[in-house]
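Colleague: What follows is a single structure, and I will ask about it in a moment.
Rule-based calculations on the coordinates, nothing more; no lab input. Note that the structure is a prediction, hence the values are computed from the model and not measured. Positions of Cβ are generated from backbone atoms using ideal geometry, with glycine treated the same way; all protein chains shown enter the neighbour counts.
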Amino acid sequence: MRKALISTKLSAPLFRYSQLIQAGPNYVCSGMIALNNDTGKLIEGDSYDQTRRIFENLNILMEEFSLGLEDLVSVRIFSRMFDQFPLINQAWEEVFPGDVVPPARSAVGVSALPLNALVEIEFSFYKE
């Protein structure tokens, strides 16, 4: 059985989709872009700034649904500016420093993302 989990703290989805789906111990988070939760608009900045905002929004979502980085098992990063991937990695290292076990990760270069974002990230969790 699957259940849609809708955040009351993040800006509402701009299109028709569930932000987070729980299926037993598995949680799948839709791709997140760097939205300002007050305005619902994409923040300005480079790939570093947008990646940091995505992780800030992820922290809000995790807190709301009692999830943690220790439950994060897989991440898929989509980048519109692959030459800026070192900036994404810089933000990543701040979230997952050397003493923290990072999740599995894949990265894909794409030609376009919603709202012309530079970065979109999908997250999968496992929590019993």
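Colleague: Under a cut-off of 16 Å between alpha-carbon atoms, report the aspartates and glutamates in cross-link reach of K127, not counting same-chain residues fewer than 8 places apart.
Modeller: E63, E64, E70, D71
Colleague: Going by average Cβ neighbours within 10 Å, how do the peptides 115-127, 47-59, 2-14 rank, with the highest at the top? Don't skip to the answer; put the middle values down first.
Modeller: Values: 115-127: 19.2, 47-59: 21.1, 2-14: 12.4.
Peptide ranking by packing, descending: 47-59, 115-127, 2-14.
Colleague: Counting helices only, and only those DSSP H runs with n ≥ 4, report the 222 nm mean residue ellipticity of the chain as the sum of -39,500 (n - 2.57) divided by its residues, in deg cm²/dmol to the nearest 500.
Modeller: -7500 deg cm²/dmol
Colleague: Here is a follow-up. Set Lys and Arg Cβ to +1 and Asp and Glu Cβ to -1, take the dipole of segment 9-97 about its Cα centre, and tell me which of S79, L69, L14 lies farthest positive.
Modeller: The one lying farthest along the dipole's positive direction is L14.
Colleague: What does the charge add up to near S79, with Lys and Arg as +1, Asp and Glu as -1, over the other residues with Cβ less than 13 Å from its Cβ? List each step's numbers first, then the result.
Modeller: Numbers: positive: R76, R80, R105; negative: D46, D83, E120, E122.
After counting each charged neighbour, the total is -1.
Colleague: If you don't mind, another one. Could you tell me the extents of segment 42-121's C-alpha atoms along the three principal axes, largest first, rounded to whole Å?
Modeller: 33, 25, 18
Colleague: Give me the extension gain from E56 to Y126: residue separation times 0.36 nm, minus the current Cα-Cα distance, reported in nm with one decimal. Before the final figure, lay out the partial values.
Modeller: Details: separation 70, 0.36 × 70 = 25.20 nm, distance 1.98 nm.
Computed gain between E56 and Y126 is 23.2 nm.
Colleague: Something else: Local charge sum around A112 (other residues, Cβ-Cβ under 12 Å, Lys/Arg +1, Asp/Glu -1)?
Modeller: Numbers: positive: R80; negative: E120.
Within the 12 Å Cβ shell, the charges total 0.
Colleague: To continue, here is another question. Once you list every other residue whose beta carbon is under 15 Å from the beta carbon of T8, what net charge do they have if Lys and Arg are +1 and Asp and Glu are -1?
Modeller: With Lys, Arg at +1 and Asp, Glu at -1, the neighbours total -2.
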